[in-house]
Amino acid sequence: MRVLVAGLFATVLVLPAAPAAASVNALPTAAVAIGDSFISGEGAGGYQPVVDAAGVAQGFPGWSAPNGNAYFCHRSANASIFRAALPGIQARFNLACSGGQPHDLASASHTRTNGRNVAAQLDQLRAVAQTHDIDVVLVGLGSNNSSFTFGDVASKCANRFIADAWTGWWEFWAYLGGPVPQNPCSAADLATAQQFAAAQAETITATRALLQTLAAVDADGQHTVVFQDYTNPLPFDVAQPYVEEDNREDDRDKFRALGAERYAAGCPVHRASLAAGHLFSQGLGTLVQQTRAQLAAEFPGRDLRYLNVQRAFDGARLCEAGGSPAGTLATPIRLQDGPSGVFVTSLSGYDKIAIQRIANSCVTYFQTCQESWHPNAAGHAVLGQCLTGALTAGGPAVNCVRSGGTVVVGP
């Protein structure tokens, strides 16, 4: 018997020893997920142990453990790679890591600032290729890079809303000695054109290395690589129940009741920030699409597909309808008051000092809030349908759109 430790998806696979001259056809087929949180399954629960850079499987280490612990890659059993219908695929491996950046494909994540203690994703891919014929690779990269990260973008807009809701501008001058940003986010606050260009260059370099590695290690040289972009968890505008509370909207100073209402619904953000957020999501889509196009030009004959999921959550985004977050496809923003393991679901009755303490917990113990604004288990099931469609529809570009509760995939 031989044992393969798969960091992989954090289980230990026991396989019969292969004959010395095993043929390519003898290898079981595999689908592999590579990339960041939208691929790893962040937000979907069912997180499995993850093998760290030293080869040790890390289970849940406690909420106060360092955020760099491999477990916080949050590789979920509910991730889209496991929810997709993939005829002919015999095994599936989740190598993605929440917070993953282009750097993490060729280099160990922990060798950069705020990286997690896992081996380079391409090294993990090479381990899979020793025992499996890789036929499908799902890639999700671009939302995190050396210029910006999704977590920073999300927290920036949410923090501005919370500060605006609970604290008057004069209180910052009186008690904190200066202003704290309370204005809605603009597109430039999230990522500039120069930052997008830098992020795309990093992503192209990383995925070029992925294709070169696949060419070297894939048993039969036949595989499909799907480049998936990102879907925005928030609507273009909030539903009417979340527009105002106590006759106060979010375009004035202090609106605590409305702030608490939107937090409970999962969308603590200014209405005026929503358009900027969608421009950011569209920018990520362009980044992924252009990455695929560049690599298709460099690697003619390779089966590279772009999967556009920007409309995959239409009608089921946070605060898009009353009753949110119930029935939505994304996780609401949720914080903890310290690394307690208990999420604060309502901010009603908290004063500004308590709100600041709760917000600071996310900064100190990022794992306590990192699921926020990611696809939930139902959302990953939809993304699994999108992946199935991308593989069966054919063509270099596929759009996955949710309409009336039905997921439609096509050109």
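Every number here is computed from the coordinates shown, using simple stated rules; none is lab data. No experiment lies behind these values; they were computed from the predicted model shown. All Cβ positions, glycine included, derive from the backbone under ideal geometry; neighbour counts span all protein chains shown.
Values computed for the structure shown
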read-out	value
Charge dipole magnitude, Cβ of K and R +1, D and E -1 - segment 241-350, Cα centre, debye nearest 20	360 debye
Sorted by Cβ neighbour density within 10 Å, fewest at the top, the residues Thr205, Thr113, Thr388	Thr113, Thr205, Thr388
Equivalent-ellipsoid semi-axes of segment 292-358, from the Cα gyration tensor, Å, largest first	41, 18, 10
Cut-off 15 Å between beta-carbons: net charge of the residues surrounding Asn78, Lys and Arg +1, Asp and Glu -1	+1
The chain: angle of helix 193-217 to the longest principal axis, Cα-based, in degrees nearest 10	20 degrees
Centroid-to-centroid separation of segment 111-149 and segment 264-339 [C-alpha atoms, Å]	20 Å
Volume of the Cα convex hull of segment 179-276, divided per residue and given in Å³	153 Å³
Debye equation applied to the C-alpha atoms of segment 225-321, log10 I(q)/I(0) at 0.10, 0.12, 0.22, 0.25 Å⁻¹	-0.39, -0.50, -1.03, -1.20
Between helix 256-265 and the chain: long-axis angle, C-alpha atoms, 0 to 90°, nearest 10	20 degrees
Sequence-separation-based contact order of the chain, relative, with Cα cut under 8 Å and 6+ spacing, percent	19 percent
Shape box of segment 278-411 [Cα atoms, principal axes, largest first, Å]	59, 34, 25
Full-extension gain in nm, Val243 to Ala393, via 0.36 nm per residue minus C-alpha separation	50.0 nm
Helix 377-393 vs. the chain, principal-axis angle (Cα, 0 to 90°, nearest 10)	40 degrees
Taking segment 326-411 and dividing mean pair separation by its residue count, relative contact order in percent (alpha carbons under 8 Å, at least six apart)	28 percent
Principal semi-axes in Å for segment 56-125 [√(5λ), Cα gyration tensor, largest first]	23, 16, 10
Calculated diffusion of segment 79-166, Stokes-Einstein form, Kirkwood radius summed over Cα pairs, 4 °C and 1.567 mPa s, µm²/s	85 µm²/s
C-alpha center-to-center spacing [segment 190-251, segment 46-82] in angstrom	22 Å
Longest exposed-site-free window of the chain, the sites being chymotrypsin sites (Phe, Trp or Tyr not before Pro) in a DSSP loop that have at most 16 other C-beta atoms within 10 Å	237-411
Over the chain: Rg over Rh, Cα atoms, Kirkwood Rh	0.99
Assigned charges on the beta-carbon of Lys, Arg, Asp, Glu; the chain dipole about Cα centre (debye)	460 debye
